[in-house]
Amino acid sequence: MAASDTPFIANDIPYMERTRKFYRAQGYESDYVWAHFPTTPFIQPSKPLQESRVVAITTSMPDTELGRSNRTVYSNPIKPQPQSMYTEELSWDKKATHTNDIASFLPLEQLKALATEGFIGSVSPRFHCLPTEFSQKNTLEKDAPEILTRCQEDKVDLAILVPL
Amino acid sequence: MVVGSAMDIVKHCGVARYCYSDFPLGNPCGKPGNKVMQLAIIKQALGLFESAEAPNYTERTAHSWSEDDSWREGYAKVDDSNREELRLRGEARRAEQAANKAAGCSRSAMIAES
């Protein structure tokens, strides 16, 4: 399937348009500027899935005093698996759903199951928390390189990023 | 590889591989409590590492949130019922941001839309 085979359709929610109107209703004069790049990096995996180590990256924060108060990059072990993550500051749909089941947005259980059945090679011993930011500079120049370094330390082959 | 909802935002950014969940923001890996769906979505997403041959390769999951589509209307809704509340919230938010800046905090939280 080519990328163009999955177009935006009428039923899909126009989040950018809604968010612009939502910010304007709060008195903001400048529209939010979403990240946009003229080109997208792409490389093919060097190993088959069955031999690859996969890491999960989330935009939620650890559900700890530090995670709730200090938005920065965190890395935590996948064992023991966290029972909750701090998501309150993020813009998920609080009217329609909840984030009490972390497997609905942080796929540690799924990756462990898929490693057990041999679909992937292994799961990274740590997962990473990436703070959402107004500052694209912080993400590009500080947080993303830091997470890349940590993934390389853990000999990760593939990464799944799940933004909330 | 990104697993996420809000297709317009992800496509505007551009990502190597994208598994799109047409769900309310918050549960892109599957409905809370539905372990079968959650596993199927991550398995499909991982498959993109084998099938994608160019950046921005996107697949839509086959799963639906509900038969009722009313959830699509609620997020970041602006109408006469909340217009004044939003105006006041914006004023409070700007005051908070100014206080944080004065205190030397360089990282403000995003605004929650609901």
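The values are calculated or read from the model by the stated rules, or taken from the named source; none is laboratory data. A quick note: this is a predicted structure, and the numbers were derived from the prediction, not measured. Every residue, glycine among them, receives a Cβ derived from its backbone with ideal geometry; neighbour counts consider all protein chains shown. All accessible areas refer to the heavy atoms of the entire protein, side chains included, with ligands and DNA or RNA removed. Shrake-Rupley method; radii C 1.70, N 1.55, O 1.52, S 1.80 Å.
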Subject >> Breaking point among (1) modelled with pLDDT of 95 or more; (2) over 29 Å from B:GLU53 (Cα atoms); (3) part of a loop (DSSP other than H, G, I, E, B), for A:GLY67 >> reply: (3)
**OP:** Looking for whichever is more than 19 Å from B:GLY4 (Cβ to Cβ) and polar (S, T, N, Q) here; the options are A:THR58, A:THR72. Which one fits?
**Re:** A:THR72
**OP:** Identify all residues within the range B:65-114 that are under 29 Å from B:ASP22 (Cα atoms), loosely packed, with under 10 Cβ neighbours inside 10 Å and at pLDDT below 85; write none if there are none.
**Re:** none
Subject >> The listed residue being at the interface with chain A (Cβ under 8 Å from one of its Cβ atoms), in contact (Cβ under 8 Å) with a residue 40 or more places away in the chain and assigned to a loop (DSSP other than H, G, I, E, B), out of B:PRO24, B:PRO32, B:PRO28 >> reply: B:PRO24
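Taking the range B:14-41 on its own, how many of its residues are among the β-branched types (Val, Ile, Thr) and closer than 14 Å to A:ASN100 by Cα?
First pass over the range B:14-41, keeping only residues among the β-branched types (Val, Ile, Thr): B:15, B:36, B:41.
Cutting the leftovers down to closer than 14 Å to A:ASN100 by Cα gives us none.
Counting residues in the range B:14-41 that are among the β-branched types (Val, Ile, Thr) and closer than 14 Å to A:ASN100 by Cα gives 0.
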Original post:
Any residue at all in the range B:38-52 that is facing chain A (nearest Cβ under 7 Å), in contact with a Gly (Cβ under 8 Å, 6 or more places away or on another chain), part of a loop (DSSP other than H, G, I, E, B) and open to solvent by less than 10 Å² (accessible area, probe 1.4 Å)?
Top reply: no
Original post:
Of all residues in the range A:44-81, which are more than 11 Å from A:LEU130 (Cα to Cα) and among the polar types (S, T, N, Q)?
Top reply: A:GLN44, A:SER46, A:GLN50, A:SER52, A:THR64, A:SER69, A:ASN70, A:ASN76, A:GLN81
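Assess whether A:SER75 counts as being hydroxyl-bearing (Ser, Thr, Tyr), open to solvent by 50 Å² or more (accessible area, probe 1.4 Å) and more than 7 Å from every other protein chain (Cβ to nearest Cβ). First the steps, then the outcome.
Details: hydroxyl-bearing (Ser, Thr, Tyr): yes; open to solvent by 50 Å² or more (accessible area, probe 1.4 Å): no; more than 7 Å from every other protein chain (Cβ to nearest Cβ): yes.
So A:SER75 fails the test.
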**OP:** Within the range A:116-129, identify whether any single residue is open to solvent by 40 Å² or more (accessible area, probe 1.4 Å), aromatic (Phe, Trp, Tyr) and closer than 21 Å to A:TYR32 by Cβ, and answer yes or no.
**Re:** no
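Please go through the range A:51-71 and pick out each residue that is in contact (Cβ under 8 Å) with a residue 60 or more places away in the chain, out of contact with any Leu (no Cβ under 8 Å at 6 or more places or on another chain) and open to solvent by less than 100 Å² (accessible area, probe 1.4 Å). Even if it seems obvious, please write down each step before you answer.
First, pick out the residues of the range A:51-71 that are in contact (Cβ under 8 Å) with a residue 60 or more places away in the chain: A:51-62, A:67, A:71.
Narrowing further to those that are out of contact with any Leu (no Cβ under 8 Å at 6 or more places or on another chain): A:51, A:61-62, A:67, A:71.
Those that are in contact (Cβ under 8 Å) with a residue 60 or more places away in the chain, out of contact with any Leu (no Cβ under 8 Å at 6 or more places or on another chain) and open to solvent by less than 100 Å² (accessible area, probe 1.4 Å): A:MET61, A:PRO62, A:GLY67, A:ARG71.
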Original post:
Quick one: how many residues across the range A:78-96 are part of a loop (DSSP other than H, G, I, E, B), aliphatic (A, V, I, L, M) and within 13 Å of chain B (Cβ to nearest Cβ)?
Top reply: 2
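Look through A:THR132, A:THR99 and report the one residue that is surrounded by 21 or more Cβ atoms within 10 Å (Cβ to Cβ) and part of a loop (DSSP other than H, G, I, E, B). Working first, answer last.
Values: A:THR132 fails: surrounded by 21 or more Cβ atoms within 10 Å (Cβ to Cβ).
Selected residue: A:THR99, the only one of A:THR132, A:THR99 that is surrounded by 21 or more Cβ atoms within 10 Å (Cβ to Cβ) and part of a loop (DSSP other than H, G, I, E, B).
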Original post:
Among the residues of the range B:1-37, which ones are among the small types (Gly, Ala, Ser) and open to solvent by 30 Å² or more (accessible area, probe 1.4 Å)?
Top reply: B:GLY33
Original post:
Restricting attention to the range A:45-59, does a residue exist that is among the β-branched types (Val, Ile, Thr), more than 24 Å from B:LYS31 (Cβ to Cβ) and within 10 Å of another protein chain (Cβ to nearest Cβ)?
Top reply: no
